[in-house]
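The values are calculated or read from the model by the stated rules, or taken from the named source; none is laboratory data. These numbers come from a predicted model, not from an experiment. Every residue, glycine among them, receives a Cβ derived from its backbone with ideal geometry; neighbour counts consider all protein chains shown.
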Amino acid sequence: MRTPLIAGNWKMFKTVSETVAFVTDLRDLVKTAAGVDIVVAPPFTAVHAAAEAARGTSIAVAAQDLYWEREGAFTGEVSPAMIKEAGAAYVIAGHSERRRLFGETDAIVNRKTLAAIGAGLTPIVCVGETLEERERGEMLAVLDRQIKDGLDQLTAEQIGALVVAYEPVWAIGTGRTATAAQAEEAHAHIRKRLRQWFGGAAADGCRILYGGSVKPDNIRELIAEEDVDGALVGGASLEARSFADIVTRAGRPAV
């Protein structure tokens, strides 16, 4: 059975001092949480501080983005090696805000994903359709394209070890949440494609998270679905108690 993973994407929120205070509070709130992996993704400036504050706990740290080159004349960019050295174990690639606001394509997401793996980071690769695409009946085709192109050149072993996050763009920061059935439809389709293109072991190992207005009061219904392996949490991850409630409610007892 796949261990649920709850990741908090803070986006452009929290200073270094606020990050340390948050992680310190979260440590106490989740110290008895079982059967769940916990990840927080602060801004680049606070990755190292978060990792230091989380040292010796079950909390892992992610960066929110990366550039695919190791070094060079790329003003403002941060390499996978820099992220790894700062203490991150995970990195988000292809978040819908990066795609929408900064023009990132599936090809760019693919380069970032390969670079992350090459540096020893676990990518959290985001996919999902816009409201317009859903209303045109294109959801599954969009997911197929994003998976096929975004995960191109990865091996079955690499697929089994990474994380995919399904985030319907229409449900991010809007208060609208896909129903558990809608989430499961998308997650089951993603897993079917992973099985078809990369094999059974890859599909069974890959954790698929749901992202889009996740809160303490809907996580249990979502996580109960067969192919929902956790959540990529936005706004509700900015307050330690709210995030801890999601973590606790997502945990699965050891079998």
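Glu226 falls short on exactly one of the conditions (1) farther than 26 Å from Gln64 by Cβ; (2) modelled with pLDDT under 95, and that condition is (2). Checked against (1) outside any loop (DSSP other than H, G, I, E, B); (2) in contact with a Phe, Trp or Tyr (Cβ under 9 Å, 6 or more places away or on another chain); (3) surrounded by fewer than 19 Cβ atoms within 10 Å (Cβ to Cβ), Ala53 passes all but a single condition, namely (3). Restricting to segment 171-202, what's the tally of residues that are touching a residue at least 24 places away in the same chain (Cβ under 8 Å) and closer than 20 Å to Arg145 by Cβ? Matching residues across segment 171-202 total 15. Find the residue count for segment 112-136, including only residues that are part of a strand (DSSP E or B) and under 20 Å from Ala60 (Cα atoms). Summing the residues that are part of a strand (DSSP E or B) and under 20 Å from Ala60 (Cα atoms) in segment 112-136 gives 5. If you go through segment 142-194 and keep only what is at pLDDT 95 or above and polar (S, T, N, Q), you end up with Gln146, Gln153, Thr155, Gln158. Among residues of segment 57-91 being of a type in the set (A, V, I, L, M) and farther than 24 Å from Arg207 by Cβ, the one that is farthest from the chain's Cα centre (by Cα) is Ala73. Counting only helices (runs of 4 or more DSSP H) that sit wholly inside segment 137-255, those with at least 1 residues that are of a type in the set (S, T, N, Q) and surrounded by fewer than 21 Cβ atoms within 10 Å (Cβ to Cβ) are 156-161, 180-198, 240-250. I'd like to check something: does segment 93-111 contain any residue that is modelled with pLDDT of 95 or more, part of a loop (DSSP other than H, G, I, E, B) and touching a Leu at 6+ places or on another chain (Cβ under 8 Å)? Taking every residue of segment 93-111 in turn, none turns out to be modelled with pLDDT of 95 or more, part of a loop (DSSP other than H, G, I, E, B) and touching a Leu at 6+ places or on another chain (Cβ under 8 Å). Looking at segment 59-71 only, could you name the residues that are under 19 Å from Glu104 (Cβ atoms) and either of a type in the set (D, E, K, R) or without any contact (Cβ under 8 Å) to a residue 60 or more places away in the chain (or both)? Passing the criteria: Ala63, Gln64, Asp65, Leu66, Tyr67, Trp68, Glu69.
Close contacts from segment 141-156, counting a first residue that is farther than 13 Å from Ala186 by Cα and a second that is part of a helix (DSSP H, G or I) and not charged (D, E, K, R), with Cβ to Cβ under 6 Å and a gap of 6+ residues or different chains, come to Gly150/Val109; Gly150/Asn110; Asp152/Asn110; Ala156/Phe198; Ala156/Ala202.
Please work out which residue is modelled with the highest pLDDT, limiting yourself to segment 112-137 and to residues that are more than 17 Å from the chain's Cα centre (by Cα) and of a type in the set (Lys, Arg). Filtering first and then ranking leaves Arg136. When segment 18-43 is limited to residues that are in contact (Cβ under 8 Å) with a residue 40 or more places away in the chain, in contact with a strand residue (DSSP E or B) (Cβ under 8 Å, 6 or more places away or on another chain) and not aliphatic (A, V, I, L, M), the one that is nearest to Ile223 (Cα to Cα) turns out to be Asp37. Looking at Lys148, Lys112, just one residue is within 21 Å of Gly8 (Cβ to Cβ) and not β-branched (Val, Ile, Thr), and that residue is Lys112. Scanning segment 172-211 for residues that are of a type in the set (Lys, Arg) and in contact with a helix residue (DSSP H, G or I) (Cβ under 7 Å, 6 or more places away or on another chain) gives Arg176, Arg191, Arg193, Arg195.
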